[in-house]
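Scroll down for the structure; my scribbles are underneath it.
The values are calculated or read from the model by the stated rules, or taken from the named source; none is laboratory data. Note that the structure is a prediction, hence the values are computed from the model and not measured. Here the Cβ positions follow ideal geometry from the backbone for every residue, glycine too, while neighbour counts run over all protein chains shown.
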Amino acid sequence: MTGTTTPAPLEHAAGWTAVARCVRQHSLFWLVAANTVGVLLALDLLWPDVGDQLAPFTYGRWIPLHLNWQLYGWCSLPLVGVLMRWIGNGPNSIGSRLYRIAIWAWTFALAAGGISWLAGMTSGKIFLDWHGWARPLLSTAMALLWLALAQQFWTQRHALKPTQRVFQALLLLALFFVSPAIFWASGREVYPSVNPDSGGATGASLLASTLGITAIYGLLPIMLRHPSRSTTSIARRVFWSGLAVSSIACLLIDHGHASHHSIGQILGLGLLLGWVPLAWHYFRGFSWTSTAQRWLAAAFAWWVILVISGFLFFLPGISERLKFTNTLVAHAHLALAGLVTCFNGAILNLLNPGQPITRGFRLWQFALALHIAALVCVGWTESRDPGALFLSQGWTQALYGLRLAAGIVMWALSAVWFLNRPQASASND
């Protein structure tokens, strides 16, 4: 990933600047909010008396806020910004207002959802906790966003190239079903909170979800209209052909209640080991800004660790030992705080180059490494000696304390990014 340039200009630059700043601030706000809850949960694990003092707002009531604010806030809004950047030729004055209204509606849904979860109102299904009066909130926000995107597409459709017009229309058609799908899947009557027929994630399910994320990331430089080098056409064909082959392989693997002892499940998941160099070659075909380039490099570094550790943790003998320990928590943070956060840092820098996220870049990576290392150390031993964890022995308290300290650093950095104002030039710290 070499070269320094800026994304292709938008037709309505003034309208886009306001939208980009709105996306940035709301994305980072939810990162700060979710990290605040994360620090509170880490405090509760280290000193359980903290939870007693906060009753009835116990650990079980706080955890949906941490998970959902990360997923639907920090993980989602930068990608929403990419959609807004791609649809049409950039928002005109009406589109800019509609986009900002949709973002505020999204934030209202997450805030109101947080109130409902703290009150104990939840479906009981992880990441689909929307229940009772809060159930239609996110679906409504998604519907408003879809209407804003559709309005921009329709008013600017004649200015688009034929291929752009077709792809944008198809994407909008697919996105139309997301809002009702979220509402439907949140219902308690759809499927049980705990599936008695499942022993956990299978190689097929992990492969399918990861290929979906890979496809989304592969579309980013295209949707951002990022300048490409002459080798990009070859890299594109290799990337998308590889994705098609991997998807076919995924379809051929047993789905449902499949054992991680099955050689097919292991080989299927092993396909992901080849995707990091393949995606790296693809991304190197584009010229990136210097501020985005370092975040992308960090994202790929975490991606390497993520796929290798995920494959090893899935293997028979290791999976049984680590599945229900803090090591699995560490793996989740590796994905979110490592891979996703670094990709989102690059996205926000590309969407709004005038307000780059640069401060504390190295410190975030270091704090995250400490955070993950502490959880892995706890998880690796707790399966053999769970009493050491539940009886708060000294070494577990020390590791939980290290995890808390690293979490506080990451929370502080997210707050710095949120409070940062536009600068004439970016620092490279």
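Just one of the numbered conditions (1) of a type outside the set (V, I, T); (2) closer than 21 Å to S205 by Cβ; (3) outside the structural domain of T210 (by TED's automatic domain parsing) is not true of W295: (2). Hey, does segment 55-72 have a residue that's free of Cβ contacts under 8 Å to residues at least 12 places away in the same chain and either in a helix (DSSP H, G or I) or within 16 Å of the chain's Cα centre (by Cα) (or both)? Yes, there is a match, as at least one residue in segment 55-72 is free of Cβ contacts under 8 Å to residues at least 12 places away in the same chain and either in a helix (DSSP H, G or I) or within 16 Å of the chain's Cα centre (by Cα) (or both). Write out, first by first residue and then by second, each pair whose Cβ atoms fall under 8 Å of each other, whose residues are 6+ apart or on separate chains, and whose first residue, in segment 373-394, is within 13 Å of T325 (Cβ to Cβ) while the second is among the acidic types (D, E) and assigned to a helix (DSSP H, G or I). That search, which allows pairs on different chains as well, returns A388/E382; L389/E382.
The number of residues in segment 274-311 being touching a Leu at 6+ places or on another chain (Cβ under 9 Å) and assigned to a loop (DSSP other than H, G, I, E, B) comes to 2. The single condition from (1) in a helix (DSSP H, G or I); (2) touching a residue at least 12 places away in the same chain (Cβ under 8 Å) that W154 fails is (2). Among the conditions (1) part of a helix (DSSP H, G or I); (2) more than 26 Å from Q365 (Cα to Cα), A258 misses just one, which is (1). Among the residues making up segment 107-127, those that are touching a Ser or Thr at 6+ places or on another chain (Cβ under 8 Å) and modelled with pLDDT of 95 or more are A109, S116. Restricting attention to segment 235-263 and to residues that are modelled with pLDDT under 80 and small (G, A, S), the residue that is surrounded by the fewest Cβ atoms within 10 Å (Cβ to Cβ) turns out to be G256.
Filter segment 160-180 down to residues that are touching a Phe, Trp or Tyr at 6+ places or on another chain (Cβ under 7 Å) and of a type in the set (S, T, N, Q) and give me whichever is nearest to M84 (Cα to Cα). Among those residues, the one meeting the criterion is Q168. Restrict the check to segment 77-98 and report whether at least one residue is modelled with pLDDT of 90 or more and more than 24 Å from A346 (Cβ to Cβ). Looking through segment 77-98, at least one residue is modelled with pLDDT of 90 or more and more than 24 Å from A346 (Cβ to Cβ). Scanning segment 29-63 for residues that are polar (S, T, N, Q) and closer than 21 Å to G124 by Cα yields a total of 1. State whether one or more residues within segment 346-361 are at pLDDT below 90, out of contact with any strand residue (DSSP E or B) (no Cβ under 9 Å at 6 or more places or on another chain), surrounded by fewer than 19 Cβ atoms within 10 Å (Cβ to Cβ) and under 28 Å from L219 (Cβ atoms). Yes: one or more hits.
Name the one entry in F108, F127, F153 that is closer than 23 Å to A181 by Cα, assigned by TED's automatic domain parsing to the domain that holds A34 and either more than 24 Å from the chain's Cα centre (by Cα) or crowded, with 18+ Cβ neighbours inside 10 Å (or both).
After ruling out the rest, the residue left standing is F153.
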